[in-house]
Every structure is written in structure tokens, then in C-alpha cells.
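The values are calculated or read from the model by the stated rules, or taken from the named source; none is laboratory data. Just so we're clear, the structure is a prediction, and the values are computed from it rather than from any experiment. In this analysis, Cβ positions are derived from the backbone assuming ideal geometry, glycine residues included, and neighbour counts consider all displayed protein chains. The protein model used for the area step is the full one, side chains on, heavy atoms only, and it has no ligands, DNA or RNA in it. Shrake-Rupley method; radii C 1.70, N 1.55, O 1.52, S 1.80 Å.
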Amino acid sequence: MNPTTETNFLGSVRSMFDRAARALDVPPDLVEAIRECNSVIQLRFPVRLRGSYRTFCGWRAVHSEHRLPVKGGVRYAPIVDQQEVEALAALMTFKCALVDVPFGGAKGGLAIRPKDYDEDELELITRRLTQELADHGYISPSRDVPAPDMGTGEREMAWIADEYRALYPSDIDALACVTGKPATQGGMRGRRQATGRGVHYVVREFFGHREDVARCGLEGGLEGKRIIVQGFGDVGFNTARYLVEDEGVRLVAVVERDGAIMSEAGLEPGAVAEFLGRTGGVRDFPGARFIADGRSVLAADCDILIPAAIENQITTDNAARIRAPLIAEAANGPVTFAAEQMLLESGKTILPDLLVNAGGVTLSYFEWVSNVSHMRFGRLSRQLDMQRNRHIVEMIETTTGKPVPESLKAPLLRGTEELDLVRSGLEDTMRNAYGAIRETMLTSDAIDDLRTAAYAVALEKVVRSYREMGLA
Ligand code: NAD
């Protein structure tokens, strides 16, 4: 990032918000009330490890409580800081509003390199973090519900839920204090893959609109398109997997911390993920060319560039070199405000983070609803579904005198499982949200890019909430 031409992540998010607020003509006092985080806490706490105390530093930022609980992941990373957590919390408010998830925005971060600790130590640290959050009112099923983010996953969420339950044993909704838990601990199947699945649905929806595809200089459908993915964790890997397996795209490069691998023939996502998990990097991945300067590969030739790692990866330093006509922001904040201006001026299309990675919080919402209702989705209707479908199949077979082929019959007779309902809800959410921002971009004279449209759709809903609650 060039410090003379660019602000930090929080500055970028503020600028994006301000641009949308100007387009909507929101009164300045309301802009001021909504733009900044309502509260931020810095936590410093010691944990006794390897015979001495180590002090850890973390943050939890609550951006807006116009809807409760507030929601946002907890990130474990060595470089996390307060401005980053505040920026991510603001993004959460607008992301939730955009996809009609009735939560306010929040985010947490702990400055830690998880690899420096073994599993038992990470558990101790995570449990202590949970106590600190609880002590200060920054975790509760009805007020503030964390989730996984970079460096955390199901394992950490299970520890958080268990610690919270131990602290509040009579809270009947204790399990709903955090989402992204393992399916066996009140989590929801498909949550881990949800963000990648959501990216897949949005990219597919984009390719369903020929004019949108033509506007960025591409043509045809998704099949055969060449993609580059930066960051091959939960989000990057699942995005690549669904796009390759379900849509027939070609993964021509993966950019990771230690460098990038490239193959024109296409990389197999499962094999890359397995290699990365086993060796900790992508160097020496068989059958691919290794490039030590991984970030330079963001500018390599491809149809769709998918940054899925961290913020500030496309800046004024490399924006002019980016060749991909379409950028799908699977990570939060990968393109800076200033870089975005350069990309838009050169005719590129950016599918914004607010929309693209909203699949995770959408599934988190489903998990939270299921936790507070203490029932799995589909439990009441599955048998009825199966019976009705059996009758329909019998009717068709009796009327036509022919058996319905097994391949058509089997999915009907299986009935609707929770995973089917959740996937259908996710697809509906992502498609509707893309439709809403596309419509706004096409119909508003003041808006001509998808990010401003996404902020505008979200901001309108937040402003309406403030007005209806009598806060404005
Ligand atoms: P993760 O920790 O599972 O994976 C991140 C991957 O990026 C890792 O493989 C890591 O090695 C790689 N990486 C980190 N820094 C890099 C760099 N400078 N260059 C190249 N690779 C780098 O994290 P995740 O959950 O997949 O999250 C990735 C991004 O998606 C983050 O921006 C996060 O905020 C966002 N996001 C995640 C979710 C979710 O459900 N997990 C939801 C919404 C948004």
C-alpha cells in the first residue's frame, strides 16, 4: 500500500460508505451517527503457558446495534489491530443489512500467531478470551454473537460455546452465543463451506446476466473461465472447489503466503488444499510452476480474480497491472478505495465483499435461529414431504402405467433435509441481493458501480431502521 496516496482499511471503508451516503443524500448528522463504531473494547489478559504468563491483546468492536444481536467473526492473526477490527465491524453492519440478516455488525480480533501454540494452549487462550468478552458484555446469545474468521474455525467456536455455557449454566440459549460450531455441537452442516458456496452463487448469478458479463469485456458462460484464487483457506478453497466441480472453471493459479503456483492445465482444488494442509505452503506442489513473489501473480492473465485472503491486496501499487476483467472479493476489503477508482476507470467490474462473502453470515443466521428455537430445520416436515412425494410418484406411475426412473424418484422420496433447506435459503439470499444491487446500479443516476450500489441498498435499510426506532 502506498501511504502517500492511500488510507488504511478503515479509511477505505469510510470512503466507500461516504460515497454511498452522498449518492443517497443521507443527512450529514445521520451519516455521522451511522458511520462510526458504537463501541470498541481493547482486552489485555494474561494466560499461564509453559511456566510463565503471556499477555495477549485483542479487540471487539460493535458497529451498530440497530438490530440485535450484533454479529461478526473473531480473527486470530499476528497483525490484527483496532482499525482493522473497526473496519470489519462496519462491513458486517452493511453486509447483514444487504442480505436481510437481522443483525447489527461487530468483529473481534486477537493478535496471535496460532501456529506458535499447540492445541491445548490455544484452547486455554480461547477460553480466557471468552471469559474476558463475557465479563465486558461482548458475548451473549441476545446481544453479541461471534463466529469464525481468519485463523479460527469450528474448533475455536466449540470452545467458546462450552466456556460460555459453563459461565451461564442456566441460560437455556447458551449454545446460540456463537455460530460456526461443529454440527455435533449445535452447529449447522454446510456452515464451513457457506462463504465459498455463496461466492459461487454470486459469480454464477453474475454470469446469468449477459449484459453484465459484456460490460466487463467477457463473453459466454462460466464454463471454461480461468480463475486465480489468493488465499486457500476455508473461503478460497471452497470457492475454487465449487466453481471447478460445479461450473467447469479452470483454476490456473493459487496465491498463498509462501508464493504462488500456476498451471495452465488447471489445478485440482482438493489436491492443493491437501498439500497446503500437509506442508504449510504451496512450494513444490507437483506439476505446477512456483513463483516466489506470490502477490505479483494477482496481475497474471485470467478471467476472474478471487482475492480470498486478507485486506489491502490490490492497491494503487498494483491496480494498473491487474488484467482480470472481473474481480470477486471473497475476502473482506482486498481492494482499497483508491485502487478501486483505477480499476473502475479501466473498465473492470468488482463484485464487492459486502455481497460476495455474505454466505457465511447468512448460514450463521440460520444456525442462530435453529439454536434459539432448539430445533433442526425440516424436522417437522420431512416425513410429510416424503409421504406427499410418494403419493405424487404413485399417481404418475398409475396414470402413465410406467415406472418413474429411479434417478428421478430417489431425491423426491428422500424428503427435504436440513442441508437442502439451508442451501436453498443461501442461494435465494445471494441471488436476491445481487438482483437488488444490480437494479440500484442500473436505475440510479448517482451510482455506477456495484460496491456503491451494495452500500446504498444496505444504508437505506439501516437509515430506515434508525428512523423507525425514532433515533433520527
Ligand atoms: P483462513 O484462515 O481459513 O484462510 C486464509 C488463507 O489465506 C490461509 O490459507 C492463509 O495462508 C492465506 N493467506 C493469509 N495471508 C495471505 C497473503 N498475504 N497472501 C496469500 N495468502 C494469504 O481464513 P478464511 O476464513 O478463509 O477467511 C479469508 C477471508 O475471507 C478473510 O478476509 C475473512 O475476513 C473473509 N471471510 C471469511 C468468512 C468465513 O466464513 N470464514 C466469512 C466472510 C468473510
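Just the accessible area per residue of the range 193-356, please: how many Å² with a 1.4 Å probe? It would help to have the intermediate numbers written out before the result.
Values: 5980 Å² over 164 residues.
Roughly 36 Å² per residue, with all protein chains present.
When ranked by the protection proxy of mean other Cβ atoms within 10 Å per residue, highest first, what sequence do the peptides 236-242, 217-223 form? Don't skip to the end; give the middle numbers.
Numbers: 236-242: 25.4, 217-223: 13.4.
Packing order, densest peptide first, comes out as 236-242, 217-223.
Leaving out ligands, DNA and RNA, and with a 1.4 Å probe, what % of the accessible surface on the range 193-356 is carbon or sulfur? Write out the running numbers ahead of the final one.
On the way: 2770 of 5980 Å².
Whole-percent figure for carbon plus sulfur exposure: 46.
Holding the Cα-Cα limit at 21 Å, pick out from 225/348; 107/181; 71/461; 71/348 the pairs that are longer than that. Please report the intermediate quantities before stating the final value.
Numbers: 225/348 16 Å; 107/181 17 Å; 71/461 17 Å; 71/348 32 Å.
Over 21 Å apart, Cα to Cα: 71/348.
For the range 207-216, just list the computed ³J(HN,Hα) in residue order, Karplus coefficients 6.51, -1.76 and 1.60, θ = phi - 60°, integers in Hz, with x standing in for Gly and Pro.
6, x, 10, 4, 5, 5, 5, 5, 4, 9
For the range 1-140, report the accessible area per residue in Å² (1.4 Å probe, heavy atoms, rounded to an integer). Present the calculation step by step, with values, prior to reporting the outcome.
Details: 5620 Å² over 140 residues.
That works out to 40 Å² for each residue.
State the percentage of accessible surface on the range 60-106 attributable to carbon and sulfur atoms; use a 1.4 Å probe and exclude ligands, DNA and RNA. Each step should come with its number before you reach the end.
Values: 440 of 950 Å².
The C+S portion of the solvent-accessible surface of the range 60-106 is 46 percent.
Picking from 266, 153, 452, whose Cα lies most toward the positive end of the charge dipole for the chain (charges on Cβ: Lys, Arg +1; Asp, Glu -1)?
153
What's the magnitude of the charge dipole for the chain around its Cα centre, counting Lys and Arg as +1 and Asp and Glu as -1 at the beta-carbon? Answer in Debye, nearest 20.
Details: 56 positive and 67 negative charges, 138 e Å.
Roughly 660 debye for the chain.
Students often check this: by mean Cβ neighbours within 10 Å, which of 8-18, 176-186 ranks highest, and how do the rest follow? Could the numbers behind the result be given before it?
On the way: 8-18: 20.5, 176-186: 22.7.
So the peptides 8-18, 176-186, ranked by packing, come out 176-186, 8-18.
What is the set of long-range amide H partners of residue 39 at a cut-off below 5 Å, with H atoms built 1.01 Å from backbone N?
Excluding prolines and chain starts, which carry no amide H, the hits are 62.
Pop out the ³J(HN,Hα) list for the range 365-377 in order, Karplus 6.51 cos²θ - 1.76 cosθ + 1.60 with θ = phi - 60°, rounded to Hz; leave Gly and Pro as x.
4, 4, 5, 5, 4, 5, 5, 6, 8, 6, 8, 6, 4
What's the local net charge at residue 91, with K and R +1, D and E -1, over the other residues with C-beta under 12 Å away?
Working: positive: 14, 71, 95, 107, 451; negative: 84, 86, 149, 311, 329, 353.
Within the 12 Å Cβ shell, the charges total -1.
Which percent of the accessible area of the range 413-458 is formed by carbon and sulfur heavy atoms (probe 1.4 angstrom)? List each step's numbers first, then the result.
Numbers: 820 of 1930 Å².
The nonpolar share, carbon plus sulfur, comes to 42 percent.
In µm²/s, what is D for the range 193-356 at 37 °C and 0.692 mPa s, where D = kT/(6 pi eta Rh) by Stokes-Einstein and Rh is the Kirkwood radius from Cα pairs?
Values: Rh = 15.4 Å.
This corresponds to a translational diffusion coefficient of 213 µm²/s.
What order do you get for 271-283, 141-153 when each peptide is scored by the mean count of other beta carbon atoms within 10 Å, highest first? Please list the in-between numbers first.
Numbers: 271-283: 16.1, 141-153: 22.5.
Descending mean neighbour count gives 141-153, 271-283.
Given a cut-off of 38 Å, what percent of all Cα-Cα pairs of the chain lie beyond it?
Working: 27865 of 111156 pairs.
For the chain, the share of Cα pairs beyond 38 Å comes to 25 percent.
Sorted by accessible area (1.4 Å probe), largest first, how do 155, 376 line up? Before the final figure, lay out each step's value.
Values: 155 95, 376 135 Å².
Greatest to least solvent exposure: 376, 155.
³J(HN,Hα) across the range 331-343 via Karplus (A = 6.51, B = -1.76, C = 1.60, θ = phi - 60°), whole Hz, x for Gly/Pro?
Using θ = phi - 60°, the values come out as 7, 8, x, x, 10, 6, 4, 5, 5, 4, 4, 5, 5 Hz.
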